Structures are given as structure tokens and as C-alpha cells.
Amino acid sequence: MPRAAIEDNERMSLRIAATAKAKLLRAAALRNTDLTSFVTQSALREAEAVIAEAEVVKVSERDYLRILNLLENPPKPNAKLRAAIAALPDTL
């Protein structure tokens, strides 16, 4: 998982083309807000969508019920699983 850089200040500098900035200013004006608020809110919406896509697993109802059943009634370990467990290093 990528690490996010965390700075201890609340400033962020961006270099963008004049046409892009003009478009952002126009959109901010249409929303009756300032450029900083418009860009921040838009970027946060996108960030939340990206994070949700990476962290949320969506399954069908059938698969959800199968997962619940396996969690409540796990199968007995087979020979391969027992061998894999035996190969793990001792942690204590």
C-alpha cells in the first residue's frame, strides 16, 4: 500500500495551466465559492472514491452468504494447510 506524505502545514502549491485555472475559477464562481474551497471539496470527493474503491470489497448476496457460512463453519484443515502451518516460523 502506498505511503502518504504528511506535512505539518496546511498549504499546498500547485502548478497548472492558465486555461485549467480559469476553468476552475469559473466552476467555483458558479458554485458561489472560492477557488480553494472548490478545489479542496472536489479533490476530497475524488480521494474518498479512490479510497473506498481500494478498501471496500463488493460481493453478490449469494457470495456474501457463502462467506458468512465459511466464517461460521470453517472447513477442517487439509494436508496442505497443516503443512503450511507446520512450516511457519515459531514466533514465541
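Computed from the coordinates by the stated procedures, all read-outs in this text should not be read as laboratory data. All values reported here derive from a predicted model rather than from experimental measurement. All Cβ positions, even for glycine, are placed from backbone atoms using ideal geometry, and neighbour counts span all protein chains on display.
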| task | May I ask you to list pairs of residues, at least six apart or on different chains, whose Cβ atoms are under 6 Å apart, with the first in the stretch 38-59 being closer than 26 Å to Ala20 by Cβ and the second being in a helix (DSSP H, G or I) and of a type outside the set (Lys, Arg)? | result | Phe38/Ala28
| remark: Within the stretch 51-92, the residues that are surrounded by 10 or more Cβ atoms within 10 Å (Cβ to Cβ) and hydroxyl-bearing (Ser, Thr, Tyr) are Tyr64
| note | Of those in the stretch 11-53 that are hydrophobic (A, V, I, L, M, F, W, C) and in a loop (DSSP other than H, G, I, E, B), the residue nearest to the chain's Cα centre (by Cα) is Met12
